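Here, each number is a calculation from the coordinates, and none is a lab measurement. As the structure is a computational prediction, the values presented were derived from the model and not from experiment. Cβ placement follows ideal geometry from the backbone for every residue including glycine, while neighbour counts extend to all protein chains displayed.
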Amino acid sequence: MNKLKTAEIGIDQTQQEHVSKKLLAVYCEREALMNCIRATQWNTQDARSAEFNQLLAAFNPESQYQSQRPTTSTSNPNIQSFAPSNQIAERISINGYSVPADYVDLKEHSKINAAMKGTTVHENTTQLSAACEQFTRTTREAIETARQAKDEASVQALTDQLRPAEQLATQLKRFQ
């Protein structure tokens, strides 16, 4: 971890470092998850790929498929798309650490296997569901660490990332 000038945020230095490590893991796994979503949108090539891409577009606000989402009653208005990772990056920076900028750094802190090689909906829902579950575990651990440190801003930023990952994992299991 690259150390920057630390801001005074009212958290013990040891706790701040522990929270920062967890935030880095969440940030990197979120980026890996977004890459997995994009890859599956491009690589899925079976009869249900259009329907699958619409599901994924609901969670990925920067998706090229976003404008193609149906506005009929079949679309789920309760789906919450992933919030930008800016808040987590800001928390990492405020805690005095550098935000990872290249794939080597991102991979170092992520447990998600971003090698999405499937071409069928079944293969990709299985792989993407596993990625969501890993991201969810990492995010829950980070939330608990931030709560223990009484870092409510980090708790909120992490919670904003957790909800869509849980929803996507559920939707993927139903989609299979």
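Some observations on this one:
- Note on the stretch 17-175: with charges restricted to the Cβ of Lys and Arg (+1) and Asp and Glu (-1), its dipole about the Cα centre is near 320 debye.
- Residues with amide H under 5 Å from that of Tyr97, placed H, sequence gap 5 or more: Leu4
- Furthest towards positive pole of dipole, Leu55, Met34, Val155, structure part the stretch 17-175, Cβ charges: Leu55
- Peptides 117-129, 97-109 ranked from most to least packed give 117-129, 97-109, packing being the mean of other C-beta atoms within 10 angstrom over each peptide's residues.
- With 0.36 nm allotted per residue and the present C-alpha distance subtracted, the Ala47-Arg140 stretch has 29.9 nm of extension available.
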